[in-house]
1. How far, in degrees from 0 to 90, does helix A:103-124 lean away from the longest principal axis of the Cα atoms of chain A, to the nearest 10?
2. Any chance you could check the Cα centroid distance between segment B:77-121 and segment B:28-62 for me, in angstrom?
3. Under a Cβ-only charge scheme (Lys and Arg +1, Asp and Glu -1), can you give me the dipole magnitude of segment B:10-232 about the Cα centre, in debye to the nearest 20?
4. For every helix of n ≥ 4 consecutive DSSP H residues, a contribution of -39,500 (n - 2.57) applies; sum these over chain A, divide by its total residues, and give [θ] at 222 nm rounded to the nearest 500 deg cm²/dmol.
5. Size of the dipole of segment A:50-272 about the Cα centre, Lys and Arg at +1 and Asp and Glu at -1 on the beta carbon, nothing else charged, in debye to 20?
6. Put +1 on the Cβ of every Lys and Arg and -1 on every Asp and Glu Cβ in the protein assembly as shown; which of A:Ala100, B:Val146, A:Val175 then has its Cα farthest towards the positive end of the dipole?
7. Ignoring everything except DSSP H segments at least 4 long, calculate the 222 nm mean residue ellipticity for chain B; use -39,500 (n - 2.57) per segment, divide by total residues, nearest 500.
8. What pairs in A:Lys122/B:Lys213; B:Lys167/B:Lys213; A:Lys87/A:Lys238; A:Lys87/B:Lys213; A:Lys122/B:Lys60 have C-alpha atoms more than 19 Å from each other?
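Values in this text are rule-based calculations from the coordinates and carry no lab data. Since we're looking at a predicted model, the values are computed, not measured. Neighbour counts are summed over all protein chains in view; Cβ atoms, including those assigned to glycine, are modelled from backbone coordinates with ideal geometry.
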Amino acid sequence: MGSHRDLPAGMVNHIFTNSGISSFTEFVGSYAPDLLPDRNETLAAPVGDHVPHATTIVAATCAGGVVMAGDRRATSGNIISQRDMEKVFRTDDFSCMGIAGAASTGIEMARLYRVELEHYEKMEGRTLSVAGKANRLATMIRGNLGMAMQGLAVVPLFAAYDPEIDGGRIFGYDVGGGPYEQYQHHAIGSGSIFARGSLKKLYRENASPEDVVQALINALYDAADDDSATGGPDVTRKIWPVVAQITADGFRRLSDEEVGAHVQTVLEGRMNFPDGPVAPLR
Amino acid sequence: MSIPFGYVSPEQQMRDKADYARKGIARGRSVVVLQYEDGILFVAPNPSRALHKISEIYDKIGFAAVGRYNEFEALRLGGIRYADINGYNYARDDVTARGLANLYAQNLGQIFTESPKPFEVEIVVAEVGDSAEEDHIYRLTFDGSVFDETGLVAMGGQAEAVAGRLKERYREGLPLPEALEAALFALTEPGGERPPANQLEVAVLDRNRPHRKFLRLNGPRLERLLAEETTPSPTAPDTASGAAPEQGSDLPPTAPEGDIDTGSNG
C-alpha cells in the first residue's frame, strides 16, 4: 500500500511542511496518491454498457443567476439501474455541476471537485474566479481521458454565479476537457439533442428563475419523450428532477414540493398539448 | 557518557522553552471563543483584514489562534489538509475536532520537545454539533497539551483577566448579540475603549446553517450586530440578564446572503 500508511509521524511532518500550490488534488497526488482515482489504469476490457450511465442535464441562465436541472434515471444498457439518482451536485456556495456518462466516475469526480474548490478557498482565504473553477474541472476531466476511452467517460456541465457580471455562466466539456463557455443555455447527456431543441424554443432572456425552471422541466420532459435513457417525472413514486438554482444568494436546491408544483404545471399543460408549449412562429 | 561543558538538564531545558513560549504568547492580544445560542462564537481584536486569527477548517470545525502568525498559519494549513483528506477518504461527518486536536497535539508536542525553539502559539479547535451538548471546544497550548473546554475560552495576552471578565457576563445559551457583547466586554480593559467593527475579527459556527457552518461576520452585518448589542447595554449594563434576551430574532444568519467573505475584502 501507499507510503501514507507507514507512520503517523511521517504524515504529520509531510502534512505540515508541504508548501505547494493550494490544490487538493496536487497535494493528495504527492502525499497519498492511491486515494485518488487511478486515471492511468488499463482495463482488461472496455466496460461498455455494463456500468450505470447518467443521462440528461440541462442548464439555462436566468435573471441574476443560473438554473440547472437533471433527470433521475441511470441506465446500464437496456436496464434502468436507478430511478432516483442525483446527478446535479453543489460544488460550492456559488456553483454546481451535473454529470452525464459513467455514473460512478462522475459522482467521484463531483466529490473530489467539491473538496478541490473548498480546499483552495480555505487555504487562500478567497474563492476561485469562475474561470478558475471551470479550468480546474477541465483538468480533472482530461485526467480521466484514459478511462473515458475504455467506456468510463464522464462529461459534466458546470454552472456558476459570477459576481463580476451579477449573472450566471455555463460551461460545457468533452471527454478531453474544455471548457467551452455556453451562453444562455446548454444540455448534455443522451437526451441532450432533444432537450436542446426544446430549450431553444422555450428560453427567454432574463426570465425569472421560476420561468427558467419551467423551461428546463419542459426540456427534460421532451428529452424523456424521445430518449429511452432519460427518465420523465415519475408521478406514482413522486420522483421529480433535481433542480438547483444559483443566484447572488448562493446555491439552493429546490425542495421536492417546489419541483413537484412545477412538474404538475407541466403535466397539466401536456394533458392538452402533449408536445408541450408552442413557441410563436413569428 | 561524560557531561559536556555547558550541560543543561532536561528539566531546565523544558522550563526555559515553556517560559520562552509563554512570554511570546503573552505579548499578543487575546482571542475569546464562547458558546452561544446557535453555536460557537469567535472574537479577536485584529486590525488586519488579511491575516486572520480565526478561520474555517471544515464543515463544522473552526480554528482560532494567538501567538506568532507564521507558526499558527502552518498549523491551520496542515489542519485543512488533514480535514480535507479525511473527509474525502471517508465521509464529511467523519472529520471531527477531536481527531484534529490530536493531530495538533502530536505536532506541537513533537516540536516542543525536539526543536530548539518551541512554537509560540495557543490554539482553539472548535466543533459545532446538532445541539449545545454536542459542541466541542479544545484548547491546545505550545507544548501539545489539550484542554477540553466547555462554555468559554480566552487565550493570549492577559488571558486570565479576560477569562475572568468573560465569566462575569457569560451564561449558557446567550443570543448572538449578547454573546458578542460579553466577548467585547471581556476583551476591553476596564475603562478602556471598545475596538470598532473594523478592528475586530468575528466569526461563528452556526449549527443552523446548511453545509458549511462557519461564517465570518464583517462589514455592515457586524456593525448591525454591534449596534444591536450596545442599544440596551447603557441602560442596564449589569441587569441585562432579564432585559433583552429575546431581541434579534432575525439572527443568526442562516444563508450566504449579503456580505460573503471572499477573504479579499476589497
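1. Approximately 60 degrees, to the nearest ten.
2. 18
3. Numbers: 28 positive and 35 negative charges, 135 e Å.
It works out to roughly 660 debye.
4. On the way: 8 runs with 104 residues, N = 282.
Per the formula, -11500 deg cm²/dmol.
5. Working: 22 positive and 28 negative charges, 93 e Å.
Result for segment A:50-272 is approximately 440 debye, rounded to the nearest 20.
6. Working it through, the farthest residue towards the positive pole turns out to be A:Val175.
7. On the way: 7 runs with 96 residues, N = 266.
After summing the helix terms and dividing by the residues of chain B, the value is -11500 deg cm²/dmol.
8. Numbers: A:Lys122/B:Lys213 13 Å; B:Lys167/B:Lys213 26 Å; A:Lys87/A:Lys238 17 Å; A:Lys87/B:Lys213 24 Å; A:Lys122/B:Lys60 13 Å.
Cα-Cα > 19 Å for B:Lys167/B:Lys213; A:Lys87/B:Lys213; rest within.
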